[in-house]
1. No solvent, one uniform scatterer per C-alpha: report log10 I(q)/I(0) for segment 89-240 via the Debye equation at q = 0.08, 0.16 1/Å, two decimals.
2. Most mobile of 26, 230, 167 per a Gaussian network model of the chain (Cα springs, under 10 Å)?
3. Give me the extension gain from residue 29 to residue 264: residue separation times 0.36 nm, minus the current Cα-Cα distance, reported in nm with one decimal.
4. Can you give the Kirkwood hydrodynamic radius for segment 1-55, in Å, rounded to one decimal and based on Cα pairs?
5. Report relative contact order for segment 49-99 in percent, whole number only (criteria: Cα-Cα under 8 Å, sequence separation at least 6).
6. For segment 9-150, what relative contact order do you get, as a whole percent, if you take Cα pairs closer than 8 Å and at least 6 residues apart?
7. Calculate I(q)/I(0) for segment 116-201 by the Debye formula, one identical point scatterer on each C-alpha and no solvent, and give its log10 at q = 0.14, 0.21 Å⁻¹ to two decimals.
8. Quick check: the distance between the Cα centres of segment 26-102 and segment 119-179, to the nearest angstrom?
Ligand code: THG
């Protein structure tokens with residue numbers, strides 16, 4: 001099953017930042033419930049932006065989002081080890097830590113926490129020298145990510161590689177390189193991959209068209225999970241159609257069900 005990680009509870013979005021500041025429980029609970037209802041298997045929670053106290057905001061978010069969703073697992077999204085551990089202490093079930101990079105300080109601060117809580121972890125393919133620009137460079141970082149997590153006693157099945165999607169408006173070959181990286185990671189290393197979708201379309205009009213077509217391409221390349229807006233209709237249609245086309249939907253039952261409930265248009 002493809003893993004849909006709902007992106008909407010992120011304080012870079014103005015309504016979420018406001019709700020965090022006023023501790024507006026009903027608003028956050030509504031955002032959580034809507035995403036679960038739209039088929040999200042996990043929810044990303046991020047309060048790194050516009051927050052006065054990320055640690056206490058993260059505790060609050062994890063608690064009320066899991067209250068609303070009957071403990072749907074969360075992707076705890078922060079560069080800050082303290083905020084991540086605060087979230088993990090509240091979290092029920094197996095969490096996904098979003099994320100570490102191969103930068104020494106960030107990795108060494110967060111990996112022991114990943115191990116302690118037996119969480120899954122996203123490794124972004126970047127190091128002190130920055131982000132790779134080709135699939136070949138990404139693969140070198142993937143090998144380092146595998147060794148590093150192994151060293152910390154984290155099993156390979158708990159690892160998700162994020163090849164870091166960047167805008168095609170400024171780097172025209174980005175989508176092709178990321179697609180190639182996902183194919184290689186799948187065939188050579190058998191490790192899971194995840195990405196945030198919407199960066200691909202940054203700076204361009206009709207973003208959800210680009211996002212949803214890119215999602216279809218990534219699904220075919222073997223992507224295991226994506227951080228996306230499950231309420232977006234184009235994305236939803238692509239997810240249902242791809243399940244049917246990639247033989248993940250016996251007799252197209254789910255596709256037909258979605259059509260009947262009006263979700264595909
Ligand atoms: N990789 C990993 N984690 C990530 C990202 C990634 N976390 C953050 C981000 N990228 C993914 N999450 C979001 C959350 C919200 C939005 C985009 C990405 C967002 N964007 C616009 C807005 O609200 O203005 C547009 C929303 C829309 O039109 O649907 O909200 O790459 N590991």
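Every number in this text was worked out from the coordinates using simple rules, so none of it is lab data. Since we're looking at a predicted model, the values are computed, not measured. Quick reminder, even Gly has a Cβ in these numbers, built from the backbone with ideal geometry, and neighbours come from all protein chains shown.
1. Debye intensities relative to I(0), on a log10 scale: -0.23, -0.88.
2. Maximum among the listed residues: 26.
3. 82.1 nm
4. For segment 1-55, inverting the mean 1/r across all distinct Cα pairs yields 11.6 Å.
5. In percent, rounded to a whole number, it is 41.
6. 17 percent
7. Listed by q, the Debye log ratios stand at -0.46, -0.97.
8. 23 Å
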